[in-house]
Amino acid sequence: MSSVFGNVHLGYVVIETEKFGDWRRFGREAIGLHVDELRSDAMRFRLDDNECRFLLKRGPVEDVTALGWHVDDHNTFDEIMRRVTGHGVPVAEVAAEEAALRGVERLVRFPGPNGLVQELYTRARTGCGPLQMANHGGFVTGDSGLGHVAITTKKPHQVHGYYDTVFDARLSDYIDETIGGVKFKIRFLRVNERHHSVAIAAVNRLPINPVRTRIQHLNIQVNDLDDMTTSYQRIKELGFDMALGVGQHTNDRELSYYAITPSGFEWEVGWNPLIVDEATWEPTTHQGISIWGHTPEGQTIIDKLAQFKTGIRSLFQAEDSVAALAGSGIADG
């Protein structure tokens, strides 16, 4: 079995929402992305040559529903398909109309952890016309992929096992952090040169998930520091809520902030994270997510109570980790 590591890149994110007006303002005016209005029930954000990096579809979920993964060639595509179907997990061909909405070719989908559908494609179409963005320096994509997503889960070993089985994900490091009196362990997985494309957060020794949405946050990376700071200012001026102010992470050294999207999950804009050197990198554990900054902004006692209630409800809710693809679960850390 050949490894697919390095040939897989986070390509796009699908979001279901009824708040098109708020999302339009958030994406175009606050974050600084290019917006394409497709039809009354679909809108796209661009940030580079790809026709679609974020697809917003009208619906009541207010959440991320799917992750699109770009693979470099048909051999990699076929190898991943062998792994998924070989474990008895169903793969569905995606209709041409849905592939067109995402601006991609040879698209299939299969189940993923935490209700996140995984979509796989081989080629992205180039967008028509010049980008019209408030971000002037552009974004880092290419071999690093779009950015990353962070998932909270009650089954971190199984989620780690899933991405190892499907994409040969490698462990970059861990962070131990206490948030609101609750101890978390966060695992950071890479599938290419980017320090991580998936982060997996879990409450230590408690089977609860305090986050309502399928992802806790997503990340995009700017080329220029000025674009990060000006987008931070725009978010504040436009009245969108901020989760964490500007700070620097302990593990990948990225400078970033976290805003709260109209659908409730967080959106991180970052600058200058390190790139992993595969020849020398060794996983380690960091204490705390930040060297400095990332101070909580605007959280009220009502917000904390809502998180507590979500955590309690999660005790009685099943969580699908797609066990067939999780192996025995990776007993890491």
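Residue count for segment 151-166 under the criterion of being closer than 23 Å to TRP267 by Cβ and either touching a helix residue (DSSP H, G or I) at 6+ places or on another chain (Cβ under 7 Å) or of a type in the set (Asp, Glu) (or both): the result is 3.
The rows are residues; the columns are (1) of a type outside the set (Phe, Trp, Tyr); (2) touching a strand residue (DSSP E or B) at 6+ places or on another chain (Cβ under 7 Å); (3) without any contact (Cβ under 8 Å) to a residue 60 or more places away in the chain; (4) not in a strand (DSSP E or B).
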site: HIS9; (1), (2), (3), (4): yes, yes, no, no
site: ILE15; (1), (2), (3), (4): yes, yes, no, no
site: ASP22; (1), (2), (3), (4): yes, no, no, yes
site: ARG25; (1), (2), (3), (4): yes, no, no, yes
site: ARG28; (1), (2), (3), (4): yes, yes, no, yes
site: PHE45; (1), (2), (3), (4): no, yes, yes, no
site: LYS57; (1), (2), (3), (4): yes, yes, yes, no
site: PRO60; (1), (2), (3), (4): yes, no, yes, yes
site: VAL64; (1), (2), (3), (4): yes, yes, no, no
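Among the residues of segment 114-148, the ones that are under 17 Å from SER231 (Cβ atoms) and surrounded by fewer than 19 Cβ atoms within 10 Å (Cβ to Cβ) come to 6 in all.
Within the set ARG102, ARG125, the sole residue that is over 27 Å from ARG212 (Cβ atoms) and among the basic types (Lys, Arg) turns out to be ARG125. Taking segment 176-185 as the range and being farther than 30 Å from VAL89 by Cβ and either touching a residue at least 60 places away in the same chain (Cβ under 8 Å) or in contact with a Gly (Cβ under 9 Å, 6 or more places away or on another chain) (or both) as the test, the residues that pass are ASP176, GLU177, THR178, GLY180, VAL182.
Of the residues making up segment 56-109, those that are of a type outside the set (Val, Ile, Thr) and in contact with a His (Cβ under 9 Å, 6 or more places away or on another chain) are TRP69, HIS70, ASP72, ARG106.
Across segment 99-118, the number of residues qualifying as within 17 Å of PRO156 (Cα to Cα) and not polar (S, T, N, Q) comes to 5. Filter segment 64-83 down to residues that are touching a Leu at 6+ places or on another chain (Cβ under 7 Å) and farther than 30 Å from GLU18 by Cβ and give me whichever is surrounded by the most Cβ atoms within 10 Å (Cβ to Cβ). Within segment 64-83, the match that is surrounded by the most Cβ atoms within 10 Å (Cβ to Cβ) is ILE80. With respect to the conditions (1) surrounded by fewer than 21 Cβ atoms within 10 Å (Cβ to Cβ); (2) within 26 Å of ASP72 (Cα to Cα), HIS196 falls short on a single one, namely (1).
Residues are listed down the side, and each one gets a yes or a no for (1) over 30 Å from GLN233 (Cα atoms); (2) touching a helix residue (DSSP H, G or I) at 6+ places or on another chain (Cβ under 7 Å):
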residue	(1), (2)
ALA42	no, yes
THR76	yes, no
ILE80	yes, yes
VAL91	yes, yes
GLU98	yes, no
LEU101	yes, no
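You will find that of PHE188, PHE167, the residue that is under 28 Å from PHE77 (Cβ atoms), out of contact with any Ser or Thr (no Cβ under 6 Å at 6 or more places or on another chain), at pLDDT 95 or above and not small (Gly, Ala, Ser) is PHE167 and no other. Taken over segment 219-277, the criterion of being of a type in the set (Lys, Arg) and at positive phi is satisfied by ARG253 alone. Being exposed (fewer than 14 other Cβ atoms within 10 Å of the Cβ), at pLDDT 75 or above and either of a type in the set (Gly, Ala, Ser) or touching a Ser or Thr at 6+ places or on another chain (Cβ under 9 Å) (or both) is true of ALA279. Residues in segment 261-282 that are in contact with a helix residue (DSSP H, G or I) (Cβ under 9 Å, 6 or more places away or on another chain) and among the β-branched types (Val, Ile, Thr): THR261, VAL269, ILE275.
Does segment 74-89 include one or more residues that are assigned to a loop (DSSP other than H, G, I, E, B) and under 18 Å from the mean Cα position of the chain (by Cα)? Checking segment 74-89: not a single residue is assigned to a loop (DSSP other than H, G, I, E, B) and under 18 Å from the mean Cα position of the chain (by Cα).
The values are calculated or read from the model by the stated rules, or taken from the named source; none is laboratory data. These figures come from a predicted structure and were not determined experimentally. Methodologically, a virtual Cβ is constructed for each residue, glycine included, from the backbone with ideal geometry; neighbour enumeration extends over all protein chains shown.
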